[in-house]
Amino acid sequence: MKRKDLLSEVIKRIQRNEYSYQIKKYLGSKGLSEEKQEEILAEAKKNIREEKLQKLPTKNKIIFATFLSLTILTFVLFMFVFPEYDIYGITIILAVIGVLLFIIFAVMTFMYLNRWKPEKIELEVEDKLNPDYTAAFAVAIIPAIVLFFIFSARFDAVEDRILSETQVRTDGIIISGISTSSGTGTYSSIVVRFTTEDGKMKEIKTEVGNSEFNRYYKDQRVNIVYSSKYPSIMRLLTQEDNIRQFTDTEERDLTPEDMEAILTEEFIPTVKGLNKISLGWRKDGSSGAWYNENKEAALKFIDNSEIAYVCGYMDAQHFVSELKQRGYKKVEGGSKRTGVIIQSDYYENDDFVAFVETKMKSNDLVTIIQMARK
């Protein structure tokens with residue numbers, strides 16, 4: 001067998017990680033002396049070293065460029081491309097996947113940085129270049145957490161923009177809900193069913209605050225806003241932040257100024273008009289009263305010159321504060337009492353009178369504010 005062929009075979013065996021004694025045994029089977037075996041083995045190793053010295057710089061540059069490209073591509077995809085698609089409902093999973101891919105590619109990019117330089121090539125050829133991948137990935141934990149929040153915030157921001165641009169307001173029905181507790185806290189969510197403009201029925205799960213969760217019940221009708229482009233993007237219009245963001249509603253409680261405007265007919269209460277103040281007002285055709293489940297409030301004319309406003313105790317305290325700011329004076333001994341009264345006060349100014357009466361109803365404090373023109 002020619003020396004060239006023997007040399008080629010020995011190189012292949014070295015690259016297959018065969019041991020020296022195995023290669024020598026092979027060369028001995030070809031009739032080579034021990035001295036010739038050592039000579040061919042040394043020459044093969046020299047050829048492999050020279051080939052590595054020649055090819056490794058280019059190879060490592062290509063690997064570096066590949067991982068750098070993948071790092072940049074991952075960032076672009078998860079920051080600018082994927083958020084524009086109908087992936088809502090799995091954004092947390094996507095953010096985790098994006099972070100994992102980015103960190104893996106970024107660490108590998110760092111590991112191959114400058115690995116084409118002669119001193120690095122020498123170490124790699126001598127098998128003395130031992131990059132510590134474990135330490136590198138450990139260091140990347142904090143950047144990974146930060147990047148997760150960046151990706152999540154980006155998904156949320158684009159989701160809000162899409163919803164603002166393509167929003168449709170409608171009613172939904174709560175079909176189920178669950179609240180679970182774990183070592184990290186309590187998490188509550190409800191499932192809302194609604195029908196889109198094109199007649200398709202959707203059931204969307206959305207997280208809610210733990211205290212807010214107690215306000216919801218099965219088959220409850222709720223105001224929602226969804227995206228006509230991606231109906232899986234949906235928001236409850238029972239939450240003040242959502243109402244302010246996606247409607248032109250002021251989302252506030254009725255004030256003494258509003259009541260005065262109603263009594264002087266400067267403001268004629270209608271569902272549309274009341275919903276400009278706070279979302280959720282409906283009119284009951286039989287009683288003629290307006291109700292707002294979101295605010296747990298009601299409004300009704302007693303006669304042409306008097307109107308009653310029912311609200312929660314804390315909302316009433318704010319109402320009373322505004323009465324005082326508008327110059328209303330408390331009249332001692334002028335209380336109007338009916339039933340079991342917790343608190344009853346009478347206020348007046350030059351043009352209007354206001355009775356503020358708090359009762360206990362179904363273990364809750366309810367305040368009735370009656371205002372009238374003098």
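Which label marks the calculated value of Cα Rg over 2.2 N^0.38 Å, given the options (i) 0.98; (ii) 1.17; (iii) 1.79?
Computing Cα Rg over 2.2 N^0.38 Å and matching it to (i) 0.98; (ii) 1.17; (iii) 1.79 gives (iii).
Using helices alone, what [θ] at 222 nm do you get for the chain, with -39,500 (n - 2.57) per DSSP H run of 4 or more residues, divided over all residues and rounded to the nearest 500?
-14500 deg cm²/dmol
Loop-only check: which chymotrypsin sites (Phe, Trp or Tyr not before Pro) in region 84-153 are DSSP coil with at most 13 other Cβ within 10 angstrom?
Answer in residue order: 85.
Give me the Kirkwood hydrodynamic radius of region 254-374, using the inverse of the mean 1/r over all pairs of distinct Cα atoms, in Å to one decimal.
Result for region 254-374, one decimal place: 14.7 Å.
Please identify the GluC sites (Glu not before Pro) of region 127-198 that satisfy two criteria: DSSP loop assignment and at most 13 other Cβ atoms within 10 Å. Which are they?
Here the GluC sites (Glu not before Pro) that fit, given the DSSP loop and packing criteria, are 197.
Enter the angle in degrees (range 0 to 90, nearest 10) between the Cα long axis of helix 34-76 and the first principal axis of the Cα atoms of the chain, meaning the one along which they spread out most.
Value to nearest ten degrees: 20.
Which loop-located trypsin sites (Lys or Arg not before Pro) does region 182-216 contain, where loop means any DSSP state but H, G, I, E or B and the Cβ has at most 12 other Cβ atoms within 10 Å?
Filter output for region 182-216: 200.
Could you tell me which residue out of 214, 246, 187 lies farthest along the dipole of region 166-246 toward its positive end? Charges go on the beta carbon: Lys and Arg +1, Asp and Glu -1, centred on the Cα centre.
My answer, from the dipole projection, is 246.
Quick one: length gained pulling residue 7 to residue 119 fully straight, 0.36 nm per residue minus the C-alpha distance?
Extra length from residue 7 to residue 119 when fully extended: 37.5 nm.
From the residues 102, 81, 148, which one has its Cα farthest along the dipole of region 1-152 in the positive direction, the dipole being from +1 and -1 charges on Cβ of Lys/Arg and Asp/Glu about the Cα centre?
102
I need the phi-derived Karplus couplings for region 236-253: 6.51 cos²θ - 1.76 cosθ + 1.60, θ = phi - 60°, integer Hz, Gly and Pro marked x.
For region 236-253, the Karplus curve yields 7, 9, 10, 9, 4, 4, 5, 4, 5, 6, 10, 9, 9, 7, 6, 6, 9, 7 Hz.
Where a number appears in this text, it was derived from the coordinates with a stated rule and is not lab data. Since this is a predicted model, take the numbers as computed values, not measurements. When we count neighbours, we look across all protein chains shown, and the Cβ atoms used for this are built from the backbone with ideal geometry, even at glycine.
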